[in-house]
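Engineer: Sharing a structure here in structure tokens format.
The values are calculated or read from the model by the stated rules, or taken from the named source; none is laboratory data. Note that this is a predicted model, so its numbers are computed, not measured. Note that we place each Cβ from the backbone using ideal geometry, even for glycine, and neighbour counts take in every protein chain shown.
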Amino acid sequence: MKPTIKIIAKQAGVSTATVSLVMNERPGVSAETRELVKTTITELNYHPKRSASQLARKQTGNIGFIIWEDHFSEIEMFYSQCFLGIELASRDSDYYILLTTVKLDFNTSTDLPRFLKYGDVDGVVLAGRVPHNLVNMLEKRKIPFVLLDYDIPGKLHNKVLIDNYSGGYTAVQKLAEKGRKNIAYIGGSADHPSIKERYRAYTTAIKDLKLNVDDTNLDLVYQTEPEITREIGTEGINALLAKNIPMDAVFCANDTLAIGVIQELKRQKYEVPQDIAVMGFDDIYAARFHTPPLTTIHVPKMDLGKEAYKLLVETINNPEQRPQTRVIGVDCICRETT
């Protein structure tokens, strides 16, 4: 006999309405009951008919994941892990995840993803830097969306953010604990909200910990507007070395930059960390396998994706819910570059 909602409800000892709430990711069910129902569904190998359940809710059963195309060139490993988190979170639900990229000079008339053009999604996760006119279009069409690792100042949107400030402060603090007193900062994408917070944390920590106090080493910052690349890390460390001021550590706005910094320091015969320690941020896959392995701030990327999925589904099911901001914590992973 094929399992039905009635059979699931009977075995779990709950009502069919409770089973429906759990299957549709709606509130009003305790965590214990929700877990019991999900376990029963798995044990009975129940698969609802998509057409029936989605027609009942007037939904497509699809969620879009949109990312700026350049993110797949330099920091693909970061956002691909976020995407994987969303995909994993959706496996116990009735949603398919659709992925597409957009250009930063996005035109709503000519560049609209097909699933938005034809109304084939119930909501969208926007990852990283995204075109603001795309956000405006989603608002006008009343399509639920969540910003992942991005924020638009002055706007109330659903968003899932990294605790960038805490991570940046911890990075400087850890370097100071290692005895480093002249700590530089290198960052690209200076207008990105996450990078701004990391830089703000750096400047605050330098002041709080009374570092870089010598009159000759106050100018240990290299910032630029373009997206973060290894080449910017190379340019940044060369610019700082050219100033001929004391420097015994560098905090980089992300791991891609840090890898560029290390490669250039090694090329110039500096020893890492003996001469200059290097700290990254993100803990991308390459960080642990680099030579030497990179000390960095670990961001739980799959957790970011899972939380973005959870918030989006809540918003789809409760369209009147006020926009929320959820922050994912980070921690420091100490390896050989410090």
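Engineer: Within the group Ala201, Ala287, Ala253, which residue is of a type in the set (Gly, Ala, Ser), modelled with pLDDT under 95 and closer than 28 Å to Phe83 by Cα?
Structural biologist: Criteria check complete, one pass: Ala287.
Engineer: Could we say that Val121 is surrounded by 18 or more Cβ atoms within 10 Å (Cβ to Cβ), modelled with pLDDT of 90 or more, part of a loop (DSSP other than H, G, I, E, B) and not assigned by TED's automatic domain parsing to the domain that holds Thr204 here? Working first, answer last.
Structural biologist: On the way: surrounded by 18 or more Cβ atoms within 10 Å (Cβ to Cβ): yes; modelled with pLDDT of 90 or more: yes; part of a loop (DSSP other than H, G, I, E, B): yes; not assigned by TED's automatic domain parsing to the domain that holds Thr204: yes.
So Val121 fits the description; yes.
Engineer: Only one residue in Ile237, Ile206, Ile245 is part of a loop (DSSP other than H, G, I, E, B), modelled with pLDDT of 90 or more and more than 20 Å from the chain's Cα centre (by Cα), so which one is that?
Structural biologist: Details: Ile237 fails: part of a loop (DSSP other than H, G, I, E, B); Ile206 fails: part of a loop (DSSP other than H, G, I, E, B).
Of the residues listed, the single one that is part of a loop (DSSP other than H, G, I, E, B), modelled with pLDDT of 90 or more and more than 20 Å from the chain's Cα centre (by Cα) is Ile245.
Engineer: Regarding segment 323-334, can at least one residue be identified that is part of a loop (DSSP other than H, G, I, E, B) and more than 27 Å from Phe145 (Cβ to Cβ)? First the steps, then the outcome.
Structural biologist: At the first step, the residues of segment 323-334 found to be part of a loop (DSSP other than H, G, I, E, B) are 323-324, 329-330, 334.
Now drop any that are not more than 27 Å from Phe145 (Cβ to Cβ), which leaves 334.
Checked against the condition, which is being part of a loop (DSSP other than H, G, I, E, B) and more than 27 Å from Phe145 (Cβ to Cβ), segment 323-334 yields at least one hit.
Engineer: Looking at segment 298-311, can you tell me whether even one residue there is more than 14 Å from Ile86 (Cβ to Cβ) and in contact with a Gly (Cβ under 7 Å, 6 or more places away or on another chain)?
Structural biologist: Filtering segment 298-311 down to residues more than 14 Å from Ile86 (Cβ to Cβ) leaves 298-299.
Keeping just the survivors that are in contact with a Gly (Cβ under 7 Å, 6 or more places away or on another chain) gives none.
Scanning segment 298-311 turns up no residue that is more than 14 Å from Ile86 (Cβ to Cβ) and in contact with a Gly (Cβ under 7 Å, 6 or more places away or on another chain).
Engineer: Say we look at segment 208-248 and pick out the residues that are of a type in the set (Ser, Thr, Tyr) and surrounded by 12 or more Cβ atoms within 10 Å (Cβ to Cβ); which of these is farthest from Thr338 (Cα to Cα)? Don't jump to the end; show me each part of the working.
Structural biologist: Restricting attention to segment 208-248, the residues satisfying the condition of being of a type in the set (Ser, Thr, Tyr) are 216, 222, 224, 229, 234.
Going one step further and asking which of them are surrounded by 12 or more Cβ atoms within 10 Å (Cβ to Cβ), we end up with 222, 224, 229, 234.
Working: Tyr222: 20, Thr224: 25, Thr229: 21, Thr234: 19 Å.
By that ranking, first place goes to Thr224.
Engineer: Here are Thr296, Thr338, Thr291: which of them is in contact with a helix residue (DSSP H, G or I) (Cβ under 6 Å, 6 or more places away or on another chain) and within 28 Å of Ile186 (Cα to Cα)?
Structural biologist: Thr296
Engineer: Can you find, within segment 285-308, the residue that is surrounded by the most Cβ atoms within 10 Å (Cβ to Cβ) among those that are part of a loop (DSSP other than H, G, I, E, B) and out of contact with any strand residue (DSSP E or B) (no Cβ under 8 Å at 6 or more places or on another chain)? Full working, then the answer.
Structural biologist: Initially, segment 285-308 is screened for residues part of a loop (DSSP other than H, G, I, E, B), giving 290-294, 299-300.
Keeping just the survivors that are out of contact with any strand residue (DSSP E or B) (no Cβ under 8 Å at 6 or more places or on another chain) gives 290-293.
Numbers: His290: 19, Thr291: 11, Pro292: 15, Pro293: 15.
Looking at residues that are part of a loop (DSSP other than H, G, I, E, B) and out of contact with any strand residue (DSSP E or B) (no Cβ under 8 Å at 6 or more places or on another chain), I get His290.
Engineer: Output the residue which, of all residues in segment 144-180 that are among the hydrophobic types (A, V, I, L, M, F, W, C) and at pLDDT below 95, is surrounded by the fewest Cβ atoms within 10 Å (Cβ to Cβ). Outline the logic, then answer.
Structural biologist: Residues of segment 144-180 that are among the hydrophobic types (A, V, I, L, M, F, W, C), as a first pass: 145-148, 152, 156, 160-162, 171-172, 175-176.
Imposing the further condition that a residue be at pLDDT below 95 reduces the set to 152, 156.
Working: Ile152: 14, Leu156: 10.
If we take residues in segment 144-180 being among the hydrophobic types (A, V, I, L, M, F, W, C) and at pLDDT below 95, then Leu156 is surrounded by the fewest Cβ atoms within 10 Å (Cβ to Cβ).
Engineer: Next up: Take the conditions surrounded by fewer than 24 Cβ atoms within 10 Å (Cβ to Cβ) and either in a helix (DSSP H, G or I) or touching a strand residue (DSSP E or B) at 6+ places or on another chain (Cβ under 9 Å) (or both) and apply them to Gln263. Does it pass? Spell out how you get there, then give the answer.
Structural biologist: On the way: surrounded by fewer than 24 Cβ atoms within 10 Å (Cβ to Cβ): yes; either in a helix (DSSP H, G or I) or touching a strand residue (DSSP E or B) at 6+ places or on another chain (Cβ under 9 Å) (or both): yes.
Against the criterion (surrounded by fewer than 24 Cβ atoms within 10 Å (Cβ to Cβ) and either in a helix (DSSP H, G or I) or touching a strand residue (DSSP E or B) at 6+ places or on another chain (Cβ under 9 Å) (or both)), Gln263 qualifies.
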